[in-house]
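*Asks:* Below is a structure I'd like to ask you about.
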Amino acid sequence: MKDMENSTKGRSYQFDDLNPITGTTYYRLQQIDFDGSFSYSQIIATTNNIDSDIHIYPNPAKGLLFVQVPPTLIGQPHQIINALGQSVQAGNIEDANCQIVVQDLQSGLYVLLINGGESKKSFLVKD
């Protein structure tokens, strides 16, 4: 941002985090003066519950897993991870209400990761 020179007036700033993570995120500003010295603002914590906007059913799943996501996640990559941490399936979220075929997965606990793990939901597959 352009400096305020020798201003004593207060200044307001705004920042939009376009890729927020789920949970608590901490933000602060660093102010650097002309002489190179710096100071930090108060730390602000925000909570983003993006996962609460993701719904999967049925759980346990058998054959198909239905996934409802907010519009911001449409087109994002997804992975299914097994209990050993191995990726067993991958694809893209095609629309706000999509179906993922899970009929070839063995019975067990899995995690659906969306957008590199930014959002995740656990589910069971039952034969």
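Nothing in this text is a laboratory measurement; each read-out follows from the coordinates by a stated rule. These numbers were taken from a predicted model, which means no experiment stands behind them.
*Asks:* For Gln106 and Lys62, compute 0.36 nm times the residue count separating them, minus their Cα-Cα distance, and round to one decimal in nm. Intermediate results must be reported in sequence, preceding the final value.
*Replies:* Details: separation 44, 0.36 × 44 = 15.84 nm, distance 1.00 nm.
Working it through step by step, the gained length comes to 14.8 nm.
*Asks:* For the chain, max minus min Cα coordinate along each principal axis, in Å, sorted largest first?
*Replies:* The Cα atoms of the chain stretch 70, 28, 20 Å along the principal axes, largest first.
*Asks:* Rounded to two decimals, what ratio of Rg to Rh does the stretch 50-125 give with C-alpha atoms and a Kirkwood Rh?
*Replies:* On the way: Rg = 11.1 Å, Rh = 12.1 Å.
Taking Rh as the inverse mean 1/r over Cα pairs, Rg/Rh reads 0.92.
*Asks:* Another question, then. What are the residues whose amide H is under 5 Å from the amide H of Glu94, where those residues sit 5 or more places off or on another chain and H is modelled from the backbone?
*Replies:* Gly75
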